[in-house]
Amino acid sequence: MRFTVAIDGPAAAGKGTISKAVAKEFGFAHLDTGALYRAVGVKAASGMDPVEAAQTLTPADTVGEALRTLEAGQAASKVAVIPEVRAALLEFQRRFADQEGGAVLDGRDIGTVICPNADVKLFVTASAEVRAHRRWLELGGDEAEVLAQVKERDDRDMNRADAPLRPAVDAILIDTSDLSIDAAVALATAAIRAKLA
Ligand code: CDP
């Protein structure tokens, strides 16, 4: 069986948590596509050509704590505006989506560009303040600075020419500003179960 779930949304909206939970619930494979861009961003920040970094990326490059920092997030959104970087990562993501047994991909352009025919599309969002507070709880530091970085990244992601962050027309919106993790996961699970039935 092939079944694709596309989960998009801005930074720290809850995509990762929801994706992992639904992948576990339905036994689907999960790809955090942000990790691909973070890995390319970190390599570019240390001097490598971003397009070459994307073309030569290996699975081992996409794991590790160093990818989760605020700086890695910023570096990711800077390389993510480069069309050749996005093109280099496209085929890998599509192959992942097309695997036997079902797949969940989370990112910014999964429902709009990578998997426009996904079986279920979710757009997970929350206010910038709520998202910054969550990221601050995760990473610490100065909360005002975290909020400024979240807003800067939202702005870059929504306004780039190639594959900007926006909900697909057929996406189900989940605003997690006032939702518990369990409640958000329950909404996502119900949407997938309805489609599988
Ligand atoms: O975890 P968080 O939501 O903060 O970010 P992420 O999903 O790890 O993505 C980091 C950055 O990579 C984003 O701000 C985007 O600029 C870029 N990205 C993208 O352009 N397309 C994707 N499918 C995934 C991430």
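Contact map, the range 81-95: first residue within 15 Å of PRO59 (Cβ to Cβ), second residue modelled with pLDDT of 95 or more and within 9 Å of the ligand (Cβ to nearest atom), Cβ cut-off under 7 Å, separation 6 or more or different chains; pairs are LEU89/LEU36; GLN93/THR33; GLN93/LEU105; GLN93/ILE114.
Residue pairs whose Cβ atoms lie under 7 Å apart, sitting 6 or more positions apart in sequence or on different chains, and linking a residue in the range 144-160 that is of a type in the set (Lys, Arg) to a partner that is more than 10 Å from the ligand (Cβ to nearest atom), are LYS151/ALA128. Among the numbered conditions (1) away from the ligand (no atom under 11 Å from the Cβ); (2) out of contact with any Lys or Arg (no Cβ under 7 Å at 6 or more places or on another chain); (3) in contact (Cβ under 8 Å) with a residue 40 or more places away in the chain, the only one that VAL169 does not meet is (3).
Could you go through the range 131-144 and let me know if any residue there is within 17 Å of LYS15 (Cβ to Cβ), open to solvent by less than 60 Å² (accessible area, probe 1.4 Å) and in contact with a Pro (Cβ under 7 Å, 6 or more places away or on another chain). So far as the range 131-144 goes, yes, one or more of its residues are within 17 Å of LYS15 (Cβ to Cβ), open to solvent by less than 60 Å² (accessible area, probe 1.4 Å) and in contact with a Pro (Cβ under 7 Å, 6 or more places away or on another chain). Here LEU70 clears all of (1) modelled with pLDDT of 95 or more; (2) within 13 Å of the ligand (Cβ to nearest atom); (3) under 25 Å from GLY140 (Cβ atoms) except the condition numbered (1). Of the residues making up the range 30-61, those that are part of a helix (DSSP H, G or I), surrounded by fewer than 20 Cβ atoms within 10 Å (Cβ to Cβ) and in contact with a helix residue (DSSP H, G or I) (Cβ under 8 Å, 6 or more places away or on another chain) are ALA45, VAL51, GLN55, ASP61. Return yes or no: is GLN93 in contact with a strand residue (DSSP E or B) (Cβ under 9 Å, 6 or more places away or on another chain) and near the ligand (Cβ under 10 Å from one of its atoms)? In short, yes.
Only one of the listed residues (ALA148, ALA183, ALA163, ALA132) is within 16 Å of the ligand (Cβ to nearest atom) and within 22 Å of VAL5 (Cβ to Cβ). That residue is ALA163. Here ALA191 fits the description: modelled with pLDDT of 95 or more and either open to solvent by 90 Å² or more (accessible area, probe 1.4 Å) or in contact with a strand residue (DSSP E or B) (Cβ under 7 Å, 6 or more places away or on another chain) (or both).
When GLY16, GLY9, GLY27 are checked against the criterion of being open to solvent by 10 Å² or more (accessible area, probe 1.4 Å) and either closer than 17 Å to LEU122 by Cα or of a type in the set (Ser, Thr, Tyr) (or both), a single residue qualifies: GLY16.
The values are calculated or read from the model by the stated rules, or taken from the named source; none is laboratory data. These numbers were taken from a predicted model, which means no experiment stands behind them. Here Cβ is always computed from backbone atoms with ideal geometry, including for glycine, and neighbour counts include all displayed protein chains. Surface accessibility is based on the protein's heavy atoms, side chains included, excluding ligands, DNA and RNA. Shrake-Rupley method; radii C 1.70, N 1.55, O 1.52, S 1.80 Å.
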